[in-house]
Structures are given as structure tokens and as C-alpha cells.
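Student: Okay, here's the structure, questions in a sec.
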Amino acid sequence: MRIYKVGGAVRDRLLGIPVTDIDWVVVGATTEEMLAKGFRPVGADFPVFLHPKSGEEYALARTERKSGRGYGGFTFHASPEVTLEEDLIRRDLTINAMAEDDQQNLIDPYHGQRDLEARLLRHVSPAFAEDPLRVLRVARFAARYAALGFTVAPETLELMRQLSESGELEALTPERSWKEISRALMEDQPQVFIEVLRACGALKVLMPEVDALFGVPQPPAHHPEIDTGAHTLSVLEQAALHKQPLTVRWACLLHDLGKGLTPEEEWPRHIAHEFKGLKLIKAVNERFKAPRDCQELAMLVGEYHTHGHRALELKPSTLLELLQSFDVYRRPQRFEEFIAACEMDARGREGLEERSYPQADYLRGASTAARTVAVQPLLEKGFKGPELGEAIKRERLKALKAYKEQV
Ligand code: CTP
């Protein structure tokens with residue numbers, strides 16, 4: 001039995017990036033031998049084990065990664081005869097298909113190191129097509145390593161295009177897709193993920209609602225960048241620059257979907273795009289089974305982002321409705337995330353990235369004003385049930401009027 005370090009750990013060590021996760025491949029062993037050494041199987045019918053002490057993943061060298069049941073929806077062929085080279089050739093990218101032995105010797109039959117130096121994300125072999133999720137993975141790596149100058153090799157982009165056209169992406173489970181999407185959105189340059197998906201035609205398959213935004217103009221007075229797709233990418237870029245959480249990044253990506261539905265005669269205006277976009281946001285949310293907090297924030301930001309921008313002009317009654325819609329009394333953090341998404345939207349405009357966004361503090365102040373209304377005195381006055389609700393609302397409105405006058 002021979003054991004090699006493989007995949008991301010080898011790649012990131014060569015790039016000088018801290019390694020968190022180590023994957024190992026085991027050549028010349030059987031399942032029985034692994035179990036006898038105390039390794040714990042990850043599941044019943046696939047050849048991946050956890051080390052009894054470190055908990056790291058050890059996989060038997062394998063060929064054939066066909067779609068099917070089993071580990072993450074796959075079936076494998078593993079046997080002690082499978083060589084390291086046979087295992088590596090079926091991996092996704094050359095930079096992920098390097099191995100290291102226990103003497104730190106590099107085993108690099110498919111020239112991963114050369115591609116690392118050339119800053120190229122290149123597939124190893126036609127076996128790339130065995131797993132369509134790799135289209136998303138490559139786009140994610142492109143987002144992660146964009147700052148280091150990495151790009152997708154033209155022949156790999158072509159293969160990704162073929163996979164996207166073949167209809168195979170539709171077969172991906174929402175869970176696997178979401179895992180890639182959410183990880184990609186948390187990279188430093190998440191806009192590159194969307195750009196690469198668009199360049200290979202995968203965006204049209206996965207999120208046609210986002211793809212449709214490219215080529216749709218907005219009024220140049222508010223949006224010097226004009227194109228709605230370009231704007232969406234800039235908003236995402238700002239969200240990453242400002243280290244926003246996943247919920248905010250997801251909401252940023254989907255906030256303007258309604259603009260893709262505007263009839264061309266109405267361009268560049270987008271009347272009621274906030275409302276029209278809601279059914280599209282819901283559809284994308286459900287397609288990927290996004291977590292509940294992501295779904296909720298995307299819907300709320302879609303509906304109310306222009307309220308955020310007009311915050312200083314809103315009547316106290318409209319402000320109150322906005323705060324009620326967000327249930328700021330019980331969910332103050334969600335309202336903070338809404339404010340952040342609005343600010344990223346405002347900053348994601350060409351030449352306006354550094355402009356201040358006074359709406360943010362104004363909204364925070366309004367939320368504090370409404371939240372400080374005390375319920376106890378109203379209870380003491382004898383209000384109950386729906387009347388109590390009305391009385392609280394009246395007091396909150398009073399507080400917001402006073403707030404507006406004082407600011
Ligand atoms: N791999 C693959 N195809 C996939 C998933 C994984 O070929 N669909 C291979 C790659 O060789 C990859 C290794 O399995 O390097 C480990 O996969 P994973 O842990 O998902 O990725 P890492 O490359 O370690 O990257 P990350 O830093 O994102 O964890």
C-alpha cells in the first residue's frame with residue numbers, strides 16, 4: 001500500500017497558500033486492508049475512508065467516476081491494480097491532479113506545475129466530462145485565483161461549453177450546485193464565477209434570469225455603466241470588497257432580476273421591476289434550495305431596494321411599513337443585511353464606488369427609533385389584542401415622525 005497527498009493540498013502548497021484540508025489517495029490496497037488498519041468507511045459502497053486519528057479523507061485509487069448512486073451521486077471502480085496515474089488522469093484540472101509522496105517528491109504526469117506557473121485552469125483529459133459539476137468548480141477556482149492571474153484555458157472553456165449545451169447541467173442536484181455557488185460567492189472575486197459561467201453558456205442553463213440581464217440598458221444618469229448585467233457583477237464585486245456575508249451576496253446577485261422582464265419599448269426605464277422580479281427570485285431560490293436566510297433576504301432586497309435608496313424621502317408611514325415588512329423588532333440583523341445590500345447596489349455603479357451612502361445611517365436611526373417604543377406603558381393603559389397592535393403602531397409612527405424632523 002502506498003499513500004500520496006493529492007489535490008488541493010499539493011496545489012496550494014506550491015502556490016504558497018496555507019493548506020487547511022488534506023486529501024490522500026491510497027494505491028495498492030483493498031477495502032478490507034483499510035478497515036483492518038482502523039480506517040472508518042465514509043459510506044457503505046464507495047472507497048473513501050477517514051483516518052482513525054486525523055479524520056482526513058483517504059480514497060482508494062479509482063477509475064470511472066460515472067454518475068449514479070453512492071457517494072455524492074457517483075459510482076466508482078476501485079481496485080488495488082489501479083495506478084496513481086490512472087487515478088490522476090480522471091481528475092478535473094491539471095493543477096488538482098498532482099500528487100506528493102512521503103518524501104515530498106512531486107508526481108505530476110499531467111503537467112500541473114507548468115499550468116500553475118502559466119496561471120491556467122486546464123482540464124486533465126476528456127474524463128472531465130464525467131462530472132458536469134466541474135463546470136461550476138472551474139468557475140469557482142477562476143473566482144478564487146483571479147487575483148493571482150489565473151484564467152480558464154480556451155480548450156477547457158470549450159469543453160465546458162459543450163457540457164453546458166449537452167443538457168447535463170440540468171441533472172445536477174440542487175444540493176451539489178448550491179455548495180459550489182455558495183462557496184464561489186464567498187470568494188474574493190465572486191463576479192468572476194458568474195463571468196466564467198456566462199462565457200461557457202452555463203449561466204443561461206443554471207440561472208437564465210441572471211443571464212438575461214446582460215444587454216439590458218438602464219438610465220445612464222443613475223447607472224453610468226448602463227448594462228444591467230455589468231451592474232450586477234459590480235454589485236457582487238462590491239459585496240466581496242466589503243466582506244459581506246453569503247446572504248447579502250446572494251441578494252446582490254438577484255436584486256435586479258425584474259429588469260430582465262422589461263419590454264424593450266420601455267428601456268432604459270424599469271417600472272415596477274422590484275415587484276416583477278419577485279417570482280424570478282423565488283424560482284432561483286427554489287431551484288437551488290438556497291438556505292432560508294438567503295431566500296428571505298433575496299426576496300426582501302428584491303422588493304425593497306429602491307425604498308432603501310429613497311430612504312430620506314420616504315414618508316414616516318412608508319418607513320414604518322418598511323420596518324414592519326422586515327420585522328425589525330425581532331430581526332434587527334436581517335434589516336442590517338438589507339441596508340448593506342442596498343449600499344452595495346449603490347456602490348456597484350461605474351464611478352460611484354466611493355460615494356457615501358447616507359441612507360444607511362438614516363435607516364439604522366429609523367429602526368432604532370421605532371424599536372425603542374416601549375410596550376409596557378400601553379399595556380398599563382389597558383390596551384390588548386388588536387387594539388394593542390394599533391396603539392404600538394401609532395406610537396412607532398409618532399417616533400418616526402419625530403426622528404424625521406430631528407435628522
Ligand atoms: N475532484 C475532481 N472532480 C470533482 C471533485 C474533486 O476531480 N468533481 C478531485 C480534484 O483532484 C480535487 C480533489 O478531488 O483537487 C479534492 O476535491 P475537493 O476537496 O473538492 O477540492 P480541492 O481541490 O481540495 O479544493 P478546495 O480547496 O476547494 O477544497
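Student: Taking the conditions exactly as written (exposed (fewer than 15 other Cβ atoms within 10 Å of the Cβ), more than 10 Å from the ligand (Cβ to nearest atom), in a loop (DSSP other than H, G, I, E, B) and free of Cβ contacts under 8 Å to residues at least 40 places away in the same chain), does GLN162 satisfy them or not?
Tutor: Numbers: exposed (fewer than 15 other Cβ atoms within 10 Å of the Cβ): yes; more than 10 Å from the ligand (Cβ to nearest atom): yes; in a loop (DSSP other than H, G, I, E, B): no; free of Cβ contacts under 8 Å to residues at least 40 places away in the same chain: yes.
So GLN162 does not fit the description; no.
Student: Just name the residue that is surrounded by the most Cβ atoms within 10 Å (Cβ to Cβ) out of those in segment 393-407 that are aliphatic (A, V, I, L, M) and either modelled with pLDDT under 95 or in contact with a helix residue (DSSP H, G or I) (Cβ under 6 Å, 6 or more places away or on another chain) (or both).
Tutor: Step one: of segment 393-407, the residues aliphatic (A, V, I, L, M) are 397, 399-400, 402, 407.
Filter once more, so that each one left must be either modelled with pLDDT under 95 or in contact with a helix residue (DSSP H, G or I) (Cβ under 6 Å, 6 or more places away or on another chain) (or both): 397, 399-400, 407.
Values: LEU397: 17, ALA399: 19, LEU400: 24, VAL407: 12.
Among residues in segment 393-407 that are aliphatic (A, V, I, L, M) and either modelled with pLDDT under 95 or in contact with a helix residue (DSSP H, G or I) (Cβ under 6 Å, 6 or more places away or on another chain) (or both), the one surrounded by the most Cβ atoms within 10 Å (Cβ to Cβ) is LEU400.
Student: For THR156, all conditions in the list (1) open to solvent by 70 Å² or more (accessible area, probe 1.4 Å); (2) within 14 Å of the ligand (Cβ to nearest atom); (3) among the polar types (S, T, N, Q) hold save one; what is the number of the exception?
Tutor: Single failed check for THR156: (1).
Student: If I ask for residues that are hydrophobic (A, V, I, L, M, F, W, C) and in contact with a Ser or Thr (Cβ under 6 Å, 6 or more places away or on another chain), which ones from segment 162-221 would you list?
Tutor: Going residue by residue through segment 162-221, those that are hydrophobic (A, V, I, L, M, F, W, C) are 163, 169, 171-172, 178, 181, 184-186, 192-194, 196-197, 199-200, 202-203, 205-207, 210, 212-214, 216, 221.
Answer for segment 162-221, where residues must be hydrophobic (A, V, I, L, M, F, W, C) and in contact with a Ser or Thr (Cβ under 6 Å, 6 or more places away or on another chain): CYS200, ALA202, VAL205, LEU213, VAL216.
Student: Same structure, new question: Which of the residues that make up segment 15-39 are within 10 Å of the ligand (Cβ to nearest atom), open to solvent by less than 80 Å² (accessible area, probe 1.4 Å) and without any contact (Cβ under 8 Å) to a residue 40 or more places away in the chain?
Tutor: From segment 15-39, those within 10 Å of the ligand (Cβ to nearest atom) are 17, 19-23, 25; that's our starting set.
Then drop every residue that is not open to solvent by less than 80 Å² (accessible area, probe 1.4 Å), which leaves 17, 19, 22-23, 25.
Passing the criteria: ILE17, VAL19, ILE22, ASP23.
Student: Something else about it: Looking for something modelled with pLDDT of 95 or more, in contact with a helix residue (DSSP H, G or I) (Cβ under 8 Å, 6 or more places away or on another chain), surrounded by fewer than 20 Cβ atoms within 10 Å (Cβ to Cβ) and part of a loop (DSSP other than H, G, I, E, B) - is there at least one such residue anywhere in segment 94-107?
Tutor: No.
Student: Pull up segment 40-60, narrow it to residues that are without any contact (Cβ under 8 Å) to a residue 12 or more places away in the chain and among the hydrophobic types (A, V, I, L, M, F, W, C), then point me to the one that is farthest from the ligand (Cβ to nearest atom).
Tutor: Across segment 40-60, the extreme among qualifying residues is ALA44.
Student: Report yes if PHE141 is within 12 Å of the ligand (Cβ to nearest atom), modelled with pLDDT of 95 or more, of a type in the set (Phe, Trp, Tyr) and within 28 Å of the chain's Cα centre (by Cα), otherwise no. Full working, then the answer.
Tutor: Values: within 12 Å of the ligand (Cβ to nearest atom): yes; modelled with pLDDT of 95 or more: yes; of a type in the set (Phe, Trp, Tyr): yes; within 28 Å of the chain's Cα centre (by Cα): yes.
Considered against the rule, which asks whether it is within 12 Å of the ligand (Cβ to nearest atom), modelled with pLDDT of 95 or more, of a type in the set (Phe, Trp, Tyr) and within 28 Å of the chain's Cα centre (by Cα), PHE141 comes out as yes.
Student: Right, something else. Please work out which one of (1) open to solvent by 60 Å² or more (accessible area, probe 1.4 Å); (2) of a type outside the set (Gly, Ala, Ser); (3) touching a residue at least 40 places away in the same chain (Cβ under 8 Å) is the condition GLN376 fails and give its number.
Tutor: GLN376 satisfies all of (1) open to solvent by 60 Å² or more (accessible area, probe 1.4 Å); (2) of a type outside the set (Gly, Ala, Ser); (3) touching a residue at least 40 places away in the same chain (Cβ under 8 Å) except (3).
Student: Report those helices (runs of 4 or more DSSP H) wholly inside segment 225-302 carrying at least 2 residues which are aliphatic (A, V, I, L, M). It would help to see each step written out before you state the result.
Tutor: Details: elements: 228-241, 246-254, 273-276, 278-287.
Answer list for segment 225-302: 228-241, 246-254, 278-287.
Student: Residues in segment 83-117 that are farther than 16 Å from ALA153 by Cβ and either in contact (Cβ under 8 Å) with a residue 40 or more places away in the chain or hydrophobic (A, V, I, L, M, F, W, C) (or both): how many?
Tutor: Of the residues in that region, 13 qualify.
Student: GLU187 - would you say it is acidic (Asp, Glu) and surrounded by 17 or more Cβ atoms within 10 Å (Cβ to Cβ)?
Tutor: Against the criterion (acidic (Asp, Glu) and surrounded by 17 or more Cβ atoms within 10 Å (Cβ to Cβ)), GLU187 qualifies.
Student: Further question on the same structure: Take the residues of segment 42-58 that are closer than 20 Å to GLU81 by Cα and modelled with pLDDT of 90 or more: which is surrounded by the fewest Cβ atoms within 10 Å (Cβ to Cβ)? Write out each step before concluding.
Tutor: Of segment 42-58, the ones closer than 20 Å to GLU81 by Cα are 45-49, 58.
Still in the list and also modelled with pLDDT of 90 or more: 48-49, 58.
On the way: VAL48: 20, PHE49: 24, TYR58: 22.
Selected residue: VAL48.
The values are calculated or read from the model by the stated rules, or taken from the named source; none is laboratory data. It should be emphasised that the depicted structure is a prediction, and the values quoted were computed from it without experimental measurement. Don't worry about glycine lacking a Cβ; one is built from the backbone with ideal geometry, like all the others, and counts go over all protein chains shown. We work out accessible area using only protein heavy atoms, side chains counted, and drop any ligands, DNA or RNA first. Shrake-Rupley method; radii C 1.70, N 1.55, O 1.52, S 1.80 Å.
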